Amino acid sequence: MQAEGFTVWFTGLPRSGKSTVARMLVDALRQRGQHVELLNSARIRHEMNRSLGFSREDIEISVRRLGYECALLNRNGLAAVVTAVSPYRHMRAELRKELPRFVEVYCRAPMEVLVARDTRELFVGAQRGRIQHVAGVNAPYEEPLEPDVLLNTDVESPEACIAKVTAKLESLGLVQGIEQPGYTVEEEEMIKQRLRDLGYL
């Protein structure tokens, strides 16, 4: 019987590290033999949702379409890793109800860090009125109140973030843990002797 897939949904403001950590997670899952697809909301909007604007209604439609893609992938045994600002809490709650194996990951960083990372000057443009619909500046973003995983990407390295996400997936039984190689009898005896020599045993 084919195993069910699951969805890892990265939410957060632009430049919060969603795409960086998501790409690393995809690599980590593939190394474990998991079939996985990365869904980037910005790319999908450009390729498939060009008719949608940035009104609340259009954003909700876009998120629902992403959720439907995840459901199809999960049904066929694939993991879906999604990067999407997805600014409204009720939409993320809706996804959780519709996707039974849903993990919400919130990438968080202070605005000054986001601005410093923003080589395209998205935030500066929004602050000066040149760019509209930028979450956190001139468009809303409702922070997750109880995300499954909280990543403080201003102080946690990408590697530390991946470790937190994979640990959560393991704890939920969505992926198998990686077995650490054990010591041989000879190696254990060498370690014990070393500890005895140091006075610990």
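The values are calculated or read from the model by the stated rules, or taken from the named source; none is laboratory data. Since the structure is predicted, the reported quantities are computational estimates derived from the model, not experimental observations. Glycine also receives a Cβ, built like all others from the backbone with ideal geometry; neighbour counts cover every protein chain displayed. Side chains included, ligands, DNA and RNA excluded: accessible areas come from the protein's heavy atoms. Shrake-Rupley method; radii C 1.70, N 1.55, O 1.52, S 1.80 Å.
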| said: List the residues, sorted by chain then number, that are 5 or more residues from TYR141 or on another chain and whose placed amide H is less than 5 Å from its amide H. | reply: GLY136
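What accessible area per residue, rounded to a whole number of Å², is obtained for the chain using a probe radius of 1.4 Å?
On a per-residue basis, the chain sits at 59 Å².
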| query | What list of ³J(HN,Hα) values in whole Hz, one per residue of the stretch 132-142 in order, does the Karplus curve 6.51 cos²θ - 1.76 cosθ + 1.60 (θ = phi - 60°) give from phi, with Gly and Pro shown as x? | reply | 9, 6, 9, 4, x, 10, 10, 8, x, 9, 9
| In the chain, what % of DSSP beta bridges are antiparallel (nearest 5)? | 0
| remark: Of all GluC sites (Glu not before Pro) in the stretch 109-154, the ones in DSSP coil with at most 14 other Cβ atoms within 10 Å are GLU121, GLU142
| task | Could you pull out every residue, at least 5 positions away or on a different chain, whose amide H is within less than 5 Å of the one on VAL36? Hs are placed 1.01 Å off N in the peptide plane, and Pro or chain starts have none. | result | ALA79
| said: List the trypsin sites (Lys or Arg not before Pro) within the stretch 55-140 that DSSP assigns to loop and that have no more than 12 neighbouring Cβ atoms inside 10 Å. | reply: ARG120, ARG128, ARG130
| request: Could you work out which residue, out of SER171, SER41, SER19, moves most in a Gaussian network model of the chain, that is, has the largest mean-square fluctuation with Cα springs under 10 Å? | output: SER171
| task | Output ³J(HN,Hα) for the stretch 101-110: one whole-Hz value per residue in order, computed from phi by the Karplus curve 6.51 cos²θ - 1.76 cosθ + 1.60 with θ = phi - 60°, and x for Gly and Pro. | result | 10, 10, 10, 8, 10, 9, 8, 10, 7, x
| query | Using modelled backbone amide H atoms (1.01 Å from N, in-plane), which distant-in-sequence or interchain residues come within less than 5 Å of ARG101's amide H? | reply | THR7
| 13 Å beta-carbon shell around ILE131, net charge (K/R +1, D/E -1) | +1
| said: Under the 0.36 nm per residue contour assumption, what length would be gained going from the current alpha-carbon distance of ASP58 and GLU189 to full extension? | reply: 40.6 nm
| note | In degrees, nearest 10, the alpha-carbon axis of helix 89-98 is tilted away from the dominant principal axis of the alpha carbons of the chain by 60
| request: Could you state how much accessible area VAL185 has, in square angstrom rounded to the nearest 10, with a 1.4 Å probe and all protein chains kept in place? | output: 110
| query | So what J values fall out for the stretch 19-24 if you push phi through Karplus, 6.51 cos²θ - 1.76 cosθ + 1.60 with θ = phi - 60°, rounded to Hz, Gly and Pro as x? | reply | 5, 4, 5, 4, 4, 5
| Accessible area of the chain belonging to carbon and sulfur atoms, whole % at 1.4 Å probe | 51
| remark: Ignoring chymotrypsin sites (Phe, Trp or Tyr not before Pro) buried by more than 14 other Cβ within 10 Å or outside DSSP loops, the longest site-free run in the chain is 55-182
| Candidate values (1) 168; (2) 143; (3) 118, label of the one derived for volume of the Cα convex hull per residue in Å³ | (1)
| field | Heavy atoms of ILE131: accessible area, 1.4 Å probe, square angstrom to 10 | value | 60
| Surrounding net charge for THR166, when Lys and Arg each add one and Asp and Glu each subtract one, Cβ distance under 13 Å | 0
